[in-house]
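Engineer: Sharing a structure, written as structure tokens. Questions coming.
Please treat every number below as a calculation from the coordinates, not as lab data. These numbers come from a predicted model, not from an experiment. Every residue, glycine among them, receives a Cβ derived from its backbone with ideal geometry; neighbour counts consider all protein chains shown.
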RNA sequence: GGACGCGUAGCUCAGCUGGUUAGAGCGCUCGCCUCACACGCGAGAGGUCGUGGGUUCGAGUCCCGCCGUGUCCACCA
């Protein structure tokens with residue numbers, strides 16, 4: 001076969017073709033196999049409304065590396081893909097699209113709305129999956145899931161009913177976070193605090209008995225409409241006498257008591273707090289302790305309701321203005337103080353959250369959190385990096401009940417029915433026909449849906465078939481590794497852990513790998529508002545998926561953020577091109593020849609050296625992947641391929657390839673093919689496309705690299721002696737190149753090298769290497785030479801003379817040698833100081849002492865050789 | 001208020017349980033279109049590892065203080 005290969009790698013031509021090849025081969029599909037060990041990852045399901053961004057790209061790349069690696073190692077590696085219905089985000093988008101058409105969801109009703117939503121899902125749900133494929137991810141697409149599909153929905157209902165029956169789900173009136181824009185509750189985790197400029201209104205409330213006023217301050221004056229008390233600290237001497245007295249609420253006229261409660265901070269403000277149980281979580285608690293009435297003064301859209309008297313109908317802001325104005329007019333406003341304070345906002349739309357009392361469904365968290373804390377503490381679930389545990393513990397140990405009902409339509413409808421006849425609440429897996437209490441037939445289902453995260457919390461087992469006892473569940477669960485960003489540790493990771501333990505009796509995964517976030521080249525978070533987002537698909541189009549993948553993992557370390565820049569992708573693209581050209585070189589040299597993919601019987605020094613290096617590499621890559629050190633693994637692969645294989649081995653291989661000895665040429669061809677194909681295997685999880693493409697064109701066994709065995713350390717490839725020899729020669733070559741470069745000798749000018757060494761055999765064997773890589777006309781090797789006026793190079797094992805008298809600047813040469821001597825002397829003295837240090841000798845480990853001793857000896861010899869060169873110049 | 005991360009070459013970052021002379025990519029300088037690759041080859045310059053102490057035979061690495069920077073949690077009306 002003869003193929004003209006382009007000088008540069010063209011990913012666009014390769015990627016789709018290779019991906020199709022993988023799909024046709026069914027390589028990504030996994031089934032339970034008793035002969036194999038399972039390895040499972042479930043994808044963090046992206047939102048159906050979402051577009052692929054760099055965060056996904058990194059997340060998926062890391063998972064794909066793990067899955068491909070384990071698959072090649074012989075595991076039954078399953079990667080379950082899927083998407084999340086993302087109730088609040090999706091519903092917002094659909095409502096927005098409807099607004100463009102001039103319709104609201106209320107107008108069309110629930111059923112029609114859901115019809116639209118599913119149509120939306122069908123239209124856009126596939127988009128992100130197609131985008132994922134472009135990255136080269138090896139998900140088992142036959143098992144694709146959706147959080148709102150039948151199986152997941154069944155799991156959701158099952159969980160809800162079980163928790164309800166255990167008393168861990170309840171419905172009650174509590175203070176919840178209300179988003180007036182999304183018109184739904186959100187959980188505490190979904191509230192983001194933002195520092196904003198605000199005002200502190202100092203007010204005074206009059207005593208009923210006319211004995212004056214009590215001064216207090218508030219940041220939300222409009223909530224006074226719902227005030228049902230004023231509180232002071234029980235130990236506060238200033239106010240002890242007034243506890244129990246009655247105040248008249250200005251503007252409203254309601255009589256409210258002064259209560260004593262420890263919640264009040266004496267040193268803050270005036271030490272007096274107005275209590276609005278319906279609109280502040282702390283006030284709610286105070287209200288409970290003192291049996292205060294709860295007066296809700298707010299509508300769903302944040303406007304004032306009928307409890308607000310004449311302010312009813314005004315928006316929150318309007319009411320605030322009007323109330324402040326009237327308070328001022330009537331002498332109740334003391335002062336206005338500007339302050340900065342944290343305001344809770346909705347994580348989706350960033351509207352200010354209005355806390356208000358409402359009847360909602362909650363999950364009782366404490367009993368669920370306890371075993372989940374234990375599982376992480378006892379390392380049944382390991383966090384990488386470990387420090388993320390602290391964040392988790394801090395949250396779990398202070399956990400509050402989880403508000404799970406949402407006033408949305410797109411989501412899992414709460415499986416609760418209310419009897420219109422007797423008011424009974426029925427929670428069931430399927431819709432009940434009759435009320436179990438009164439036998440009535442008039443039941444209506446709760447209008448609300450569940451928090452999106454309620455279904456994603458079940459993802460690791462719902463996608464495997466739970467609550468049914470499936471083969472998949474038995475074989476693939478618990479899953480092995482969860483890969484995600486540290487930003488969703490509360491939303492998702494924590495909730496999966498307690499859900500897994502509660503419902504399956506097992507942790508959902510044994511390891512959580514937290515990667516960092518990707519920032520822009522200036523270190524800023526990528527966001528729509530900044531417009532600094534990068535479209536991974538455009539990057540792939542320009543540089544290739546492999547280049548993007550490699551960029552996203554080079555230099556990363558667990559849990560730390562990284563910066564994206566085009567320059568870094570270019571570097572990865574260049575690396576891909578380097579590999580491409582190395583393979584082009586090999587293909588060129590085996591073209592038309594029968595080259596088996598096996599090691600030849602005899603191996604040269606350099607063959608053994610490269611095999612030894614490759615072997616160490618295999619060991620290191622496996623070790624680093626076990627430790628999730630992706631950045632280190634990528635670096636090692638890069639260095640081996642570029643520095644060792646291309647820059648040295650291929651260059652040296654040319655000697656035999658272009659020589660007259662056909663047996664030797666065949667030998668080196670085999671080594672090239674052997675090392676290249678296995679290096680491609682090592683690299684495959686990182687850069688799947690180019691490696692598969694090249695591997696297919698080289699002699700190989702097996703039908704696809706994606707299923708080829710992953711190289712591991714092999715004792716038979718350990719060649720210490722030849723590696724040391726090769727290093728000696730490489731040192732000498734580098735030394736000669738260095739000297740020639742310093743002296744500006746043209747590469748075309750070949751010179752004779754006189755090599756004085758005790759290891760004559762080694763250097764004689766390297767003759768051709770010197771000729772090719774060190775511009776030698778030929779070499780002379782002997783224990784010593786007596787040459788005048790030559791430039792000398794001193795390496796650990798040799799002293800090399802280059803005879804170029806006319807080019808030698810004696811003074812410069814002297815200076816250089818003196819400097820080199822000084823460096824060596826410093827090192828030697830350093831080593832000697834250690835060897836003479838009794839404490840070092842007695843306390844340092846044997847290995848370290850031996851190392852220093854060896855080093856000291858070498859430096860001594862080195863110094864002597866330099867000295868002799870210096871002497872020769874005089 | 002609490003917790004955590006980061007501060008290493010001009011830039012972006014590695015550096016695992018402390019152990020010889022601290023690394024890479026990009027950028028820069030010099031020389032090369034050497035028959036795989038100029039998305040390349042060879043060579044080079046460039047670092048008091050934020051700072052002050054401490055532990056140790058030995059600290060970029062461990063401990064404490066400080067400075068700068070970033071993030072998370074809590075939230076005082």
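Engineer: Please give the contour-minus-distance gain from residue A:542 to residue A:382: 0.36 nm per residue of separation, less the Cα-Cα distance, rounded to one decimal in nm. Don't jump to the answer; show the numbers that get you there.
Structural biologist: Values: separation 160, 0.36 × 160 = 57.60 nm, distance 3.81 nm.
Fully extending the segment from residue A:542 to residue A:382 adds 53.8 nm.
Engineer: Note down the nm distance, to one decimal, between modelled labels 7 Å out along Cα→Cβ at residue A:823 and at residue A:335.
Structural biologist: Going from the residue A:823 label point to the residue A:335 one covers 7.1 nm.
Engineer: Starting from the Cα of residue A:306, step 7 Å along the direction of its Cβ; do the same at residue A:517; then give the gap between the two resulting points in nm.
Structural biologist: 4.6 nm
Engineer: Now, a different point. Based on the Cβ-Cβ distance from residue A:626 to residue A:661, what FRET efficiency comes out when R0 is 41 Å, to the nearest 0.05? The partial results should precede the final answer.
Structural biologist: Details: r = 43 Å, r/R0 = 1.04.
That pair, residue A:626 with residue A:661, gives E of 0.45.
Engineer: Related question: Could you tell me the calculated FRET efficiency between residue A:170 and residue A:597, based on Cβ-Cβ distance and R0 = 60 angstrom, to the nearest 0.05?
Structural biologist: On the way: r = 66 Å, r/R0 = 1.09.
After rounding to 0.05, the efficiency reads 0.35.
Engineer: If neighbour count is taken as other Cβ atoms inside 10 Å, put A:422, A:152, A:435 in order from fewest to most. Spell out each step's value before the answer.
Structural biologist: Values: A:422 12, A:152 24, A:435 21.
Going from least to most buried by this count: A:422, A:435, A:152.
Engineer: While we're here: Please give the calculated 222 nm ellipticity per residue for chain A, where each DSSP H segment of at least 4 residues contributes -39500 (n - 2.57) and the sum is spread over every residue; nearest 500 deg cm²/dmol? The partial results should precede the final answer.
Structural biologist: Details: 27 runs with 375 residues, N = 874.
After summing the helix terms and dividing by residue count, I get -14000 deg cm²/dmol.
Engineer: So what's the Cα pair-distance distribution over region A:15-102, bin width 10 Å, in %?
Structural biologist: That works out to 14, 33, 29, 15, 7, 1, in percent per bin.
Engineer: Moving on. Provide the packing ranking of A:786-798, A:328-340, A:486-498, A:189-201, i.e. peptides ordered by the mean count of other C-beta atoms within 10 Å per residue, highest first. Don't jump to the answer; show the numbers that get you there.
Structural biologist: Values: A:786-798: 19.0, A:328-340: 13.0, A:486-498: 22.0, A:189-201: 15.1.
Answer by packing, highest mean first, reads A:486-498, A:786-798, A:189-201, A:328-340.
Engineer: Also, quick follow-up: Please sort A:451-463, A:350-362, A:203-215 by packing, taking for each peptide the average over its residues of neighbouring beta carbons within 10 angstrom, highest first.
Structural biologist: Details: A:451-463: 26.9, A:350-362: 19.2, A:203-215: 14.8.
Output ranking for A:451-463, A:350-362, A:203-215: A:451-463, A:350-362, A:203-215.
Engineer: Something else now. Quick check: from the Cα gyration tensor, does region A:140-208 come out rounded (a/c under 1.5), prolate or oblate?
Structural biologist: Judged from the Cα gyration tensor, region A:140-208 comes out oblate (a/c at least 1.5, b/c at or above a/b).
Engineer: Hey, another quick one. Going highest first, how would you order A:132-145, A:675-688 by mean Cβ packing within 10 Å?
Structural biologist: Values: A:132-145: 20.1, A:675-688: 24.1.
Most protected by this proxy first, the peptides run A:675-688, A:132-145.
Engineer: With contacts defined as alpha carbon pairs under 8 Å and 6 or more residues apart, what's the relative contact order of chain A in percent? Don't skip to the end; give the middle numbers.
Structural biologist: Values: 1499 pairs, mean separation 106.7, N = 874.
After rounding, I find 12 percent.
Engineer: If you don't mind, another one. Based on other C-beta atoms within 10 Å, arrange A:223, A:425 from fewest to most.
Structural biologist: Least to most surrounded, the residues fall as A:425, A:223.
Engineer: So how much slack lies between residue A:560 and residue A:784, counting 0.36 nm per residue of separation and subtracting their Cα-Cα distance, in nm?
Structural biologist: Net length gain for the segment: 75.1 nm.
Engineer: Any idea how far apart residue A:441 and residue A:488 come out in nm if each label point goes 7 Å out from Cα toward Cβ?
Structural biologist: Each label point is offset 7 Å from its Cα along the Cβ direction, giving 4.5 nm.
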